[in-house]
Number of protein chains: 2
Amino acid sequence: MNSLEEKTLHSEEIFSGKIITLEIQDVELPNGKRAKREIVKHPGAVAILAVTDENKIVMVEQYRKALEKTIVEIPAGKLEKGEEPVNCARRELEEETGYVCESLELLTSFYTSPGFADEIVHVFLAKGLTKKENPAALDEDEFVNLEELTLAEAQQYVKEQKVYDAKTIYAVQYLQLQEALTAK
Amino acid sequence: MNSLEEKTLHSEEIFSGKIITLEIQDVELPNGKRAKREIVKHPGAVAILAVTDENKIVMVEQYRKALEKTIVEIPAGKLEKGEEPVNCARRELEEETGYVCESLELLTSFYTSPGFADEIVHVFLAKGLTKKENPAALDEDEFVNLEELTLAEAQQYVKEQKVYDAKTIYAVQYLQLQEALTAK
């Protein structure tokens, strides 16, 4: 059964930039009527929940122009063309934090905004962290401050809305769940 | 300290639609250099984790044109102009599922894609559900199938990527955490 499907009748590209492409689609609805869909295409991204041997969560403070504010997030970045998510995770972790890791495990993948965008985020757990002496550099338009937080501190950041985005709130809740399951 | 801020030098509106607006901003970076930012403006949204008296999670199956596939999500919808999130949650729950609820509690709010969009989602927990006889109708371009899942079924849906979006994966993990904390 897939009676919910919408058929594309016409698609127009409005904008194509460095990060996103905007398309307007005319679609046929399941009842035969027509509607317009505003669709943002995005290459996809990875995010890395990196936990140090001292059980600290590695986060980056970053100004987000879309929000006009600075928030604290787990390291993340866009997939380059043809790049495997796990390789992207390794690269972004090193660029944003200077850490390399022994293991990377995919925790989950999710679409961030299925109502208007195809962006998917793959969230990895990174363990066995060591600081690299000469890590790869950030993109030239990226500026971040490194923070290392205990789980309690991260939960406090969520409460204070310093941590305020889907992937990081998911990651903090993931660690809370692991802690609760271990304590059982 | 807010040395990470980016100053807007110029902003151009590329598109303004029913759901999103696209702006291209020229910004001054913390080091004085310039960059372009692609920014999607969105009115914000609510999502409702509605749990029945039989401990079933109310979900809706919906075709998402941006993904070109049907996924299963907790009920959600865009904020209307000036609408309080809690009122929007009540309205969307009724429109999408036919349920009204006794209580609504804000669980969290998060930005879905801070790298390019200002969309925020407010996630509510709805309890005390009863079916309404003549519920408010869906928008004319919305088509959904109702599903009611146990937590185990919802976790299975996450595994099978039928549940595949940030707010729903957060909501399922939230219930897993509550279960683990109760079992302690």
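Key figures for this structure:
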quantity: Boolean, B:LEU181 is open to solvent by 60 Å² or more (accessible area, probe 1.4 Å), closer than 19 Å to A:LEU175 by Cα and of a type in the set (A, V, I, L, M); calculated: yes
quantity: Residues (of a type in the set (S, T, N, Q) and either away from every other protein chain (no Cβ under 14 Å) or farther than 22 Å from B:GLN173 by Cβ (or both)) located in the range B:92-118; calculated: B:THR97, B:SER103
quantity: Any hit, the range B:1-19, residues being closer than 24 Å to B:ALA166 by Cβ, buried (at least 22 other Cβ atoms within 10 Å of the Cβ) and within 26 Å of the chain's Cα centre (by Cα); calculated: no
quantity: Residue under evaluation A:LEU149, criteria (1) away from chain B (no Cβ under 13 Å); (2) aliphatic (A, V, I, L, M); (3) within 24 Å of B:LYS7 (Cβ to Cβ), criterion not met; calculated: (3)
quantity: Candidates A:VAL58, A:VAL40 - the one that is at the interface with chain B (Cβ under 7 Å from one of its Cβ atoms) and closer than 26 Å to B:GLU5 by Cα; calculated: A:VAL40
quantity: A:GLU102 vs. criteria in the same structural domain as A:ASP139 (by TED's automatic domain parsing), touching a Ser or Thr at 6+ places or on another chain (Cβ under 6 Å) and either open to solvent by 50 Å² or more (accessible area, probe 1.4 Å) or modelled with pLDDT of 95 or more (or both); calculated: no
quantity: Criterion violated by A:VAL27 - all others in (1) β-branched (Val, Ile, Thr); (2) open to solvent by less than 30 Å² (accessible area, probe 1.4 Å); (3) out of contact with any Leu (no Cβ under 7 Å at 6 or more places or on another chain); (4) farther than 17 Å from B:GLY115 by Cβ satisfied; calculated: (3)
quantity: Breaking point among (1) at pLDDT below 95; (2) of a type outside the set (Val, Ile, Thr); (3) in contact with a helix residue (DSSP H, G or I) (Cβ under 8 Å, 6 or more places away or on another chain), for A:PRO30; calculated: (3)
quantity: For A:SER3: the one exception among (1) more than 26 Å from A:GLN176 (Cα to Cα); (2) in a strand (DSSP E or B); calculated: (2)
quantity: A:LEU49 outside any loop (DSSP other than H, G, I, E, B), open to solvent by less than 20 Å² (accessible area, probe 1.4 Å) and at the interface with chain B (Cβ under 7 Å from one of its Cβ atoms); calculated: no
quantity: Residue that is nearest to B:THR112 (Cα to Cα) [pool: residues in the range A:153-178 that are open to solvent by 70 Å² or more (accessible area, probe 1.4 Å) and more than 9 Å from chain B (Cβ to nearest Cβ)]; calculated: A:LYS162
quantity: Which listed residue is of a type outside the set (Lys, Arg) and at the interface with another protein chain (Cβ under 8 Å from one of its Cβ atoms), from B:LEU9, B:LEU67; calculated: B:LEU67
quantity: Residue match in the range B:55-66 (condition: over 15 Å from the mean Cα position of the chain (by Cα), over 21 Å from B:ASP165 (Cα atoms) and either outside the structural domain of B:GLU153 (by TED's automatic domain parsing) or of a type in the set (A, V, I, L, M) (or both)); calculated: no
quantity: Scope the range B:12-23; condition at the interface with another protein chain (Cβ under 7 Å from one of its Cβ atoms) and in a strand (DSSP E or B); matching residues; calculated: B:ILE14, B:PHE15, B:LEU22
quantity: Per-region count, the range B:119-133, residues open to solvent by less than 20 Å² (accessible area, probe 1.4 Å), over 18 Å from A:GLY115 (Cα atoms) and either outside the structural domain of B:TYR99 (by TED's automatic domain parsing) or β-branched (Val, Ile, Thr) (or both); calculated: 0
quantity: Every residue from the range A:54-99 that is in a loop (DSSP other than H, G, I, E, B) and open to solvent by less than 70 Å² (accessible area, probe 1.4 Å); calculated: A:LYS56, A:LYS65, A:ALA66, A:LEU67, A:ILE74, A:PRO75, A:LEU79, A:GLU83, A:GLY98
quantity: Residue within the range A:128-145 that is within 14 Å of chain B (Cβ to nearest Cβ), assigned to a helix (DSSP H, G or I) and touching a residue at least 12 places away in the same chain (Cβ under 8 Å) present; calculated: no
quantity: Candidate set from the range A:160-184 (those that are in a loop (DSSP other than H, G, I, E, B) and of a type outside the set (Asp, Glu)); member that is modelled with the lowest pLDDT; calculated: A:LYS184
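The values are calculated or read from the model by the stated rules, or taken from the named source; none is laboratory data. Values in this document were obtained by computation on a predicted structure and should not be read as measured data. Using ideal geometry, Cβ is built from the backbone for each residue, glycine included, and neighbour counts are taken over all protein chains shown. Areas reflect the complete protein model, heavy atoms only, side chains present, ligands, DNA and RNA absent. Shrake-Rupley method; radii C 1.70, N 1.55, O 1.52, S 1.80 Å.
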